[in-house]
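The values are calculated or read from the model by the stated rules, or taken from the named source; none is laboratory data. Please read all numbers here as calculations on a predicted model, not as lab measurements. Cβ sites come from the backbone with ideal geometry, for glycine too, and all protein chains shown count toward neighbours. The area values use the complete protein model at the heavy-atom level, side chains included, leaving out ligands, DNA and RNA. Shrake-Rupley method; radii C 1.70, N 1.55, O 1.52, S 1.80 Å.
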Amino acid sequence: MSSRTVVVTGLGATTPLGGDVATTWAGLLAGRSGTHLLQHEWAEGLPARVAAEVAVEPTTVLERVEARRMDRSTQLATVAALEAWADAGLTVKGDDVDPERLAVSIATGIGGMQTLLGTWDVQKERGHRRVSPFAIPMLMANASAGSVGLRLGARAGVHTPVAACASSNESIAQGLDMIRLGRADVVLAGGTEGVVHPLTMATFGQMQALSRRNDDPEHASRPWDVDRDGFVLAEGAAMLVLESLEHARARGAHVYGTVVGAGYSNDAHDMVQPDPRGLGQTAAMTKALADAGLAPRDIVHINAHATSTPQGDVTEALSIRQALGDDVDHVVVNGTKSMTGHLLGGAGAIETLATVLALHHRTVPGTINIDTLEPDLGIDVATSTRPLGDGDLAAINNSFGFGGANVAVLVTNENSSAPRDPDALSAAAAGSGRTGESQ
Amino acid sequence: MSADTHTLPAEFLTKKMKEGHMATTEEIRGKLAEIVNQVAGVNADDVQLDKSFTDDLDVDSLSMVEIIVAVEDEFDVQVPDEEAKNLRTVGDAVAYIERANA
């Protein structure tokens, strides 16, 4: 079996920063916060009331009847998937891709929870005869993958990795494997989550996992700041079109970069706490390097998992030092959850997307809200947008999940086309500052 | 959201037709057409008596379940599952509602 090169040819996203990739990326470069105080009546009285809801309601983009047959997570996935597909220059069920060679892998951490709870409410209040016959295909974990796979006519496979906050890095790793192994030529890979809801705010809150900075919501997500106090729950979706280099070249596709490796590990330490020794996290990065045939000296950037929890952020810094050794000195580390909040099952995908764009545009978004950096981290944390140098660039995106899963995805700028609109990018970058202030 | 029900504009739906005059076949068809549009996105003008729900209007089996439940609510009738199976065309459904309301 000869290993095939896997490139990224399309990107799609709907996030708290914007309803598409361009707006989201501009928000990241400008250091904009997507977090806010929840205004819903149900949020009153909860200890943690800061969250990051999507900037554009998916129901304003999707057709009415299709939207009412989708859980919120699937609505978000569909918006991002259609953007990625169009961005790749592909038409839905067009003849650019053989359906038998097209697969979908869309992850979620929790799935159709809002449909599950809403349907149960209907049954309790109005009886079994009034529940929707669509409830099961809406709430099941693989609903988004199934729905998007149906829409695109993807016949090579339809998959849903579930690994909490590492879920969508698994999707990307799975897409990489499928193409390398010759099981598909094109894989739409990504993740989605739509669970900003009283139940999650209460239960994550009960775990002491959420930031309680209710009086200063835009500064609540602050990875590596000494006053960080938990993550900010977000919703949204991100998708990447992965394609064999051969297939992409044959159709003259625009290429953002190359996915060159992935590494998995399991902490086997605790259901929710990371192993403070960072053994599993370190192993994931080391395995990704080995898979890619690269060395620590090749890495210029890491988009960290960095959720803004007291323990998690320092453990990851330790793991990064262990994985890279002395080469950690020339690696720019950022935490984009400071701006997007934590998309759970969508986190790996939006952050791999941001990593691909950082290399493509040779610009790393900063980490906002760091007033006082945690001392002795031993990593170079970007607190504002940073340029990357010339030449070959390689970067890692880390995602770690409850349950123990650690997944590192390694991308490079190999095979990258010239950026489509460099002027717009520099304008956005010029508008960026130390930030956190802008709305 | 799944909790969404099939509410139609109040001025269009007089709940039970028993309170005034008996609804005409065309009135029932019109209200049914609105339900089919709400549930399945079918153009209401296409919902004519001779049309088959599945073959002509492309209404799938799960949507048909939703339509039946909405019909029960809006026309104050009961449609047991055994009866629902026989409602192949729009005309079948309208006739069933007329009989049930008679």
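A few points about this structure:
- Within the stretch A:255-339, strands (runs of 3 or more DSSP E) holding 2 or more residues that are modelled with pLDDT of 95 or more and open to solvent by 50 Å² or more (accessible area, probe 1.4 Å): A:257-266
- Taken over the stretch B:75-102, the criterion of being under 15 Å from B:T24 (Cα atoms), surrounded by 18 or more Cβ atoms within 10 Å (Cβ to Cβ) and not aliphatic (A, V, I, L, M) is satisfied by B:F75, B:Y96.
- A:G391 fulfils the conditions (1) on the phi < 0 side of the Ramachandran plot; (2) open to solvent by 10 Å² or more (accessible area, probe 1.4 Å) except for a single criterion, (1).
- Selection within the stretch A:35-64 - open to solvent by less than 60 Å² (accessible area, probe 1.4 Å), within 14 Å of chain B (Cβ to nearest Cβ) and part of a loop (DSSP other than H, G, I, E, B): A:L62
Residues are listed down the side, and each one gets a yes or a no for (1) in contact with a helix residue (DSSP H, G or I) (Cβ under 6 Å, 6 or more places away or on another chain); (2) among the hydroxyl-bearing types (S, T, Y); (3) more than 13 Å from B:V90 (Cβ to Cβ):
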position: B:A33; (1), (2), (3): yes, no, no
position: B:N37; (1), (2), (3): yes, no, no
position: B:A40; (1), (2), (3): yes, no, no
position: B:A44; (1), (2), (3): yes, no, no
position: B:V47; (1), (2), (3): yes, no, no
position: B:T54; (1), (2), (3): no, yes, no
position: B:L57; (1), (2), (3): no, no, no
position: B:S61; (1), (2), (3): no, yes, yes
position: B:E72; (1), (2), (3): no, no, yes
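- Any hit, the stretch A:124-136, residues being buried (at least 20 other Cβ atoms within 10 Å of the Cβ) and either within 19 Å of A:L344 (Cα to Cα) or among the acidic types (D, E) (or both): no
- Positions within the stretch A:260-292 being in contact with a Ser or Thr (Cβ under 7 Å, 6 or more places away or on another chain) and farther than 15 Å from A:N397 by Cβ, in sequence order: A:P274, A:P276, A:G278, A:G280, A:T282, A:A283
- Check on A:P375, in contact with a Lys or Arg (Cβ under 8 Å, 6 or more places away or on another chain) and open to solvent by 10 Å² or more (accessible area, probe 1.4 Å): no
Listed here are the residues, each with its yes/no results for (1) under 15 Å from the mean Cα position of the chain (by Cα); (2) within 14 Å of chain B (Cβ to nearest Cβ); (3) surrounded by fewer than 17 Cβ atoms within 10 Å (Cβ to Cβ).
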| position | (1), (2), (3) |
| --- | --- |
| A:D95 | no, no, yes |
| A:A107 | yes, no, no |
| A:A154 | no, no, no |
| A:V162 | yes, no, no |
| A:L181 | no, no, yes |
| A:A189 | yes, no, no |
| A:L199 | no, no, yes |
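- When residues of the stretch B:31-48 are limited to those that are under 22 Å from B:E98 (Cα atoms) and assigned to a loop (DSSP other than H, G, I, E, B), the one farthest from the other protein chains (Cβ to nearest Cβ): B:Q48
So that you can scan it fast, the table gives a plain yes or no per residue for (1) within 9 Å of chain B (Cβ to nearest Cβ); (2) in a loop (DSSP other than H, G, I, E, B):
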site	(1), (2)
A:E66	yes, no
A:T78	no, no
A:E100	no, no
A:T115	yes, no
A:T119	yes, no
A:S132	yes, yes
A:S147	no, no
A:L150	no, no
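- Options B:V65, B:V42, B:V59, B:V36: the member that is under 20 Å from B:A23 (Cβ atoms) and either among the aliphatic types (A, V, I, L, M) or without any contact (Cβ under 8 Å) to a residue 12 or more places away in the chain (or both): B:V36
- A:L82 more than 19 Å from the chain's Cα centre (by Cα) and either without any contact (Cβ under 8 Å) to a residue 40 or more places away in the chain or away from every other protein chain (no Cβ under 14 Å) (or both): no
- Cβ-Cβ distances below 7 Å connect the following pairs, each with a first residue in the stretch A:124-152 that is over 16 Å from B:S63 (Cβ atoms), a second residue that is surrounded by 20 or more Cβ atoms within 10 Å (Cβ to Cβ) and of a type in the set (D, E), and a separation of six or more residues or different chains: A:L139/A:D71; A:A143/A:D71.
- Scoring A:I396 on the criteria (1) closer than 22 Å to A:L176 by Cα; (2) within 22 Å of the chain's Cα centre (by Cα); (3) assigned to a loop (DSSP other than H, G, I, E, B) leaves a single failure, condition (3).
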